[in-house]
Structure formats: C-alpha cells, structure tokens
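Notes to accompany the following structure.
The values are calculated or read from the model by the stated rules, or taken from the named source; none is laboratory data. Quick caveat: nothing in here was measured; it's all calculated off a predicted structure. Here the Cβ positions follow ideal geometry from the backbone for every residue, glycine too, while neighbour counts run over all protein chains shown.
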Amino acid sequence: MNIITVTKRDGSKEQLDLNKFHRVVQWACEGITNVSESEIEIKSHIQFYNSIKTSDIQETLIKASADLISEEHPNYQYVAGRLVNYHLRKQVYNNYKPIKLLDHIKKVVAEGYYDKDILTWYTEDQINTIDGIVDHDRDYDIAYVGMEQFRGKYLIKNRVTNQYYETPQMVYILIAMVLFRNYTHETRLKWIKDFYDSISTFEISLPTPIMAGLRSPQKQFSSCVLIETGDSLDSINATTSSIVKYVSQKAGIGIGAGRIRAIGSPIRKGDASHTGVIPFYKLFQAAVKSCSQGGVRGGAATLYYPAWHLEIEDLLVLKNNKGTEETRIRHLDYGVQFNRVLYERLLSNGNITLFSPNDVPDLYDSFFTDADRFRELYEKYERSSKIRKKVIKAIDLFSAFMQERKDTGRIYLMNVDHANDHGAFIKEKAPIKQSNLCCEINLPTKPLNNYDDEDGEISLCTLAAINWGKIRDVSDFKRPCSIIVRALDELLDYQDYPVLAAKKSTMARRPLGIGIVNFAYWLARNDLNYQDIDKSGLAKIHEYAEAWSYYLIKASIDLAKEKAACPKSNETQYGNGDMPIDTYKKEVDELVEPVYNLDWNQLRKDAKSVGIRNSTLMALMPSETSAQISNATNGIEPPRSLVSIKQSKDGVLKQVVPELRKLKNKYDLLWDQKSPEGYLKICAVLQKFIDQGISVNTSYNPKFYEDEKIPMSEMIKHLLMFYKYGGKQLYYFNTNDGAGEVELPELAISEETEEDCESCIL
C-alpha cells in the first residue's frame, strides 16, 4: 500500500492525515447555523495525490464552501471566510495564531513594506500596549467576499511571489497608529482605540488608497483628483503631466477640458488653424492609460465639457462603438455640462446655439457662476453676426445626449448651476467647474500654466463612509462622524503631494468626502423601499440624513476650535454661517416637510465665529469594494440580487445581502423597480444635506415598457425631475438587457468593469 505524503509550506513532507483537514472544516463551521461539514468535504472533491501541497488542499476547501453560498444557505459565506482567514494566517505567520504586534511591525519594516518611521513614533512599550487593543477574532466577522477582497486588493504583499505580509486586523490597527501618530501620549491611545474599533467593526468604511497603502512608504491617499486645463499648449501639457503623476499613484481623475477651443479656430493671429479638442482629448486618454494602478489595470478618468461647445455633436459620440479609431476616444468617460438656460430652451421647444469658448468672452466662466449673466451674454452672442456659431434644436441635443448615455452607459451629466448654488463654496470666490471620475465631488479648480504653477489649483478629495446598517438611532451618528472627520483631517497632513498646485489647494481647503454604505439594508430593516417610497418614508430618510450631516459638520467645526479653521474657510458657505439646509433647492419641500430636530442655529453661530476645518465634508460615492469588506450593500444603491456575484481578476465572488433570511422579502431589488423615480426622490432628499454631490445612477428594466424599448420621453422626464429637485451629477445609465447573466440562478454581475477606478470606488 502506497503512503500518500503532503508537502507543507516549508517544503517538508509528512504522511497525509485526513483527520487534520476534517478538523479544519469542523472548526470553520463551529457555531454557524445552516451549514454542513460533510457537504463541504463532498463538494471539494479533493483528489489526493502524493506530495500534494497543503495550500492546494486549503484553497480547494475554500472554493468548495464558497460554491455552496446561496439564498437558502447564505452562512457558507462565513465558513469560506474563516477558511480564507486560516489559510492566510498560515501564510503570514506560519501559524494560525498571529504574532505580537511589535514583532510583526519589525518584521514588515525590515522587509521594506511598512513605513520605517512607525518604529520612531512609538516606543516598544507603547506598541505592546496598543497590541492589547487588537481583536483578531474580528476576522471571523468578515465574510468570504470581504476576505477575498482583502487578499486581492488591500493586504500588503509581494505581487511577484504572492507572499502576504499581514492580516486584516493588522491592517486596521496600523492605519490607526499612522493616523494618530502626532497626538499626545495621553490622548492618542484613546483615538487609536476608537478609530480601530470603528473600522474593524465596520461602522466606518475606508477607500482603497487608505486600506491598501496607509502604513506603507507610499503616501498618496486621496481618491479623487480634479484637474482643469486651460486653452494654451503650456496648460494642456501641464495637465497631461499632472494626470500621469496622479494616475501612477492610483487616483481617479476628473478632467475639466471645456475651455479648449473648437476645430478651425485661428491661432497665432490666423497663422494656423486649430485642430480642435479631439486630438487633445486623445492626449489625455494616453496619459490616463500610461500607468497601471497597482499593476492591475490602467487608470480611469471622466472628462467634462459644456453642452454648448461648438464640437458637441462629435464629442457626444466619442464613447460609442461606431465610427473609426480616429473619430473615437473610448477609454475616457464624459461628463456633459448643462445649466438652467439650456433646460429652459428644451422646455420652450427652442434652440441651443453652439460656440467655441475662445470666441465668446466671459461666457465660459459665467456658465458656472451666474446663470442670469450667462443668459445675457449667450443671447448677445447669438445675435452677433461676427461670431462663429451653429444652431440646433434643444430637443435634438438633449435626445442625442440621452441616446448616447443609454447606449454607452457612461456619458454622464453635470448641472453646473446646482453644483455652484447649492454647494459648499461661495461661487464668486471659488466656482465649481467640473466633477471627478465618479461624479460625486464638487471642488474648485484653476488651470495650470505649467507643472509648478503656484497660481493653478488641483483639487483632491479624501473619502470614507458611514455604515448606516450600524445605526439604530440618530444619536448613533455622533461617534463615528466625529472619529472619521478627525482621522481624515490628520491624513491630509501626513500624505505627500507630488504636484504643488494640489498641495496648496488641499492645505488651504482641507476637503473631505464622507458618504454612506449599506443604505439598502437600512431601508429593508426599516420596512422601506425605493420604488414605493412615500412622504413618511422620505421623512424617515430626512431625519437620519439630517443627523448624519449635522454631526459631520459639527465635528469639523469642533476641530476648527481645536486646531483652527482651514485658511480658505472664508470662501465657503459655512464661513458665512450657511448650512446645506440653507441653500438646497426648495422644490424638495414638495417631497418632504423641512422638519429639523437638531440645533442648526448654534451650528450656524459657531461656523460664523470660528469657521470650519474642512471646506467640504459629504459626498456619496460608489462603494463597491469596501461594501464587500463590510458585508454591506453598495452605497445608496439597490442590490441587483439577494446573492450577487462580482467578477474580478481573481475570479467570481459571491456576496449576500445582510440578514438575507430575515429580510428576504423586504429588499427592493434593482430590476424589480419599474422606474428610477423613487430612487431619484431619495437622492433629492439626501442631496439636501450634502455639500458636494452624489454618484446618482439611473436604471431601467425594458420589460416594464412597451416593446421593451425605453421611450426617450421617459428618460427626458427623469432628467427634468432630477434637475427640478436640485440634482448635481448623473453617473451610470444601467439597462437590464440580460447581457452578462451567469448560469447560476438569482445571481447578477456587478457593474464594475476594467475601466473603473479602484480608488474612487470606495
């Protein structure tokens, strides 16, 4: 009889002991209901052969338990998560039991993967004290999809050898230690513990740059970068260089390119004719794709331009699959900008006149800052016979825009007047002229004349989110809101700024973008849904959104009392004592009564007296990856399925909505919704309390329409509804066309594609 041997991690061999692997499966199932040890072992179909690696056996057990995840048996997600955790600890520590924190830090610093300064910020005794805070058992609360996302994206590892150097709780405690390194010995232990407890129990979600990099020598953690180009070659070149620099550091890019003149414009007093915007957009695309993000994929960017640009008809089709490579730029996304004047032309069945920005002085700037002044100039230039122009029907322009948005899914919209009228900044001092990759950030920018231009402004936004699934009462917002504002504010001083214009802007404005995860679960738990949301449901959302917003603003004002306001607090609405609830679009009152439960008057007084530490505080971003870490639903989005799958470079991952068995009939799934109107109403109420924007998606299921075709009138109706209630930016257009469905029942593929940016998707 042949004896089968097993190859261990150190290369040694020992006789196969089936009981050992049975005990691992038994341990993984312990205390978890509705799972079967034997099912996992049968499913694994392990074919033992001589010299089989223990790691191969463990990966097979992981896959077997993950394959068993279903609506009927959702708890296999925790069995699979435990098995991943077991496998990971063996890789990192050569043992299931983690080593001491001090030994761990010394080891990883020596390998060059942790910032060596960590060992100078803290004494050995202090690190040993912090070690007592760490609860490695919290790894058990991370479901399979979360553990796999940790392995694929967040854990520090050698990507050549695939050697891992840490486990989740080490990630969380090291992030806390880096953030509060400068606090006094008397206070920092408290803040480290509070922050660690909040992130390791999923009260707070952090974005990819922080999770993957904060503790390493790399020091760029802002998710979003907004860069505006001027019309000159020097400015375009400076923009290109800045894009390359930030893409190389894993940031998502928003490009404001609306100033570039149209094709045929004279240059050098008629010595040459301008090539138009498309060649320069191609240059930006090349810059975006020039560096890979983490060795995984190219960068990603959204480029913004006004709807009245002379080349609009050619620009709208840049993303589609028709035409030739010379006439298409498919690896950028596009944000088309509108304001009140253009909507008025649509509603009056009028015309829209197209111009080259260089031919119409002050029109571009007034487009963002003053709709009345824009109308005055616009009509003046329309009457002029000396200015090159083109006239098209407003309905034709809007229809062309909506058709391309529907066909590509990734032609976005920005209402620039709402971004400026209902935002954080005084528009005359700091106008908003673009958004970011994912359409939730609204920050001021200025074109660079050269790479080191001190007068230019590149805006960065640092993201995080509050998990509404952990909130049982509005008072529960106070603690996590205070912690996350304090933590992210510290991060701004710690990180590096490769471009001077970005550093100056960030230090002057200190912008943050704190969003929401697990909203669909919160709705289900409160017996609310998207499509049938009524005034009482919107009032509940209003109550909780008020508290979320209030405690974030209060945290920043309190921080201003302690550390001083940001230098350009005087350019914010907050500095004038004005809150988001003072500037919102009053049509929202049609949806929900403006009833407030918190002391906004005192907040106004404090803001006017001491200013605010952070110019912006709120932004609702996509939260695909961090939601999976937290086993939460994505941002404010409805789930597509109760058990959904995500395609990644590491394979297919299943995710289960929280409390599936208890709330199965309470979740309002995306493709069950007959229209996006309920969702848009919810976004309108949330936007009331937000100083930046929301990544708002519009989704349609053709089966609810005649001949399964979505009428243009329906899409434009929702566009107008979005504008009426103060909407700022529209992100994806989702259509349930059946493409990408997998053979497993009740599973849907997530929206993420190769062009998505890991840093902006929280």
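Points to keep in mind about this one:
- Only one of Tyr667, Tyr679 that is among the hydroxyl-bearing types (Ser, Thr, Tyr), in a helix (DSSP H, G or I) and either modelled with pLDDT of 95 or more or over 26 Å from the mean Cα position of the chain (by Cα) (or both): Tyr679
- Listed conditions (1) in a loop (DSSP other than H, G, I, E, B); (2) more than 26 Å from Tyr183 (Cβ to Cβ) are all met by Met147, apart from (1).
- Across the stretch 657-670, a minimum of one residue is classified as more than 30 Å from His418 (Cβ to Cβ), of a type in the set (S, T, N, Q) and free of Cβ contacts under 8 Å to residues at least 40 places away in the same chain.
- Pick from the stretch 157-173, criterion among the β-branched types (Val, Ile, Thr) and modelled with pLDDT of 95 or more, ranking: surrounded by the most Cβ atoms within 10 Å (Cβ to Cβ): Ile173
- Within this structure, Tyr723 passes the test of being assigned to a helix (DSSP H, G or I) and either modelled with pLDDT under 95 or among the aromatic types (Phe, Trp, Tyr) (or both).
- For the stretch 682-710, residues that are of a type in the set (Ser, Thr, Tyr), over 19 Å from the mean Cα position of the chain (by Cα) and surrounded by fewer than 21 Cβ atoms within 10 Å (Cβ to Cβ) total 1.
- Scanning the stretch 33-53 for residues that are under 23 Å from Leu660 (Cβ atoms), assigned to a helix (DSSP H, G or I) and touching a Phe, Trp or Tyr at 6+ places or on another chain (Cβ under 9 Å) returns Glu39, Ile40.
- Residue satisfying all of: in the stretch 234-279; among the charged types (D, E, K, R) and in a loop (DSSP other than H, G, I, E, B); nearest to Ser290 (Cα to Cα) among these: Lys250
- Count of residues meeting criterion [closer than 23 Å to Asp496 by Cβ and either surrounded by 17 or more Cβ atoms within 10 Å (Cβ to Cβ) or of a type in the set (Lys, Arg) (or both)] in the stretch 179-190: 4
Residues are listed down the side, and each one gets a yes or a no for (1) farther than 27 Å from Val225 by Cβ; (2) of a type in the set (Val, Ile, Thr); (3) without any contact (Cβ under 8 Å) to a residue 12 or more places away in the chain:
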{"residue": "Glu454", "(1), (2), (3)": "no, no, no"}
{"residue": "Ile458", "(1), (2), (3)": "no, yes, no"}
{"residue": "Asp489", "(1), (2), (3)": "no, no, no"}
{"residue": "Asp496", "(1), (2), (3)": "no, no, no"}
{"residue": "Asp527", "(1), (2), (3)": "yes, no, no"}
{"residue": "Ala547", "(1), (2), (3)": "yes, no, no"}
{"residue": "Leu559", "(1), (2), (3)": "no, no, no"}
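- Yes/no for Asp141 being under 31 Å from the mean Cα position of the chain (by Cα), surrounded by fewer than 17 Cβ atoms within 10 Å (Cβ to Cβ), more than 15 Å from Ile175 (Cα to Cα) and free of Cβ contacts under 8 Å to residues at least 12 places away in the same chain: no
- Unique match (being surrounded by 20 or more Cβ atoms within 10 Å (Cβ to Cβ), at negative phi and at pLDDT 95 or above) among Asp333, Asp396, Asp359: Asp333
- Where Ala176 falls short, out of the listed (1) within 24 Å of the chain's Cα centre (by Cα); (2) within 18 Å of Gly146 (Cα to Cα); (3) crowded, with 17+ Cβ neighbours inside 10 Å; (4) modelled with pLDDT of 95 or more: (2)
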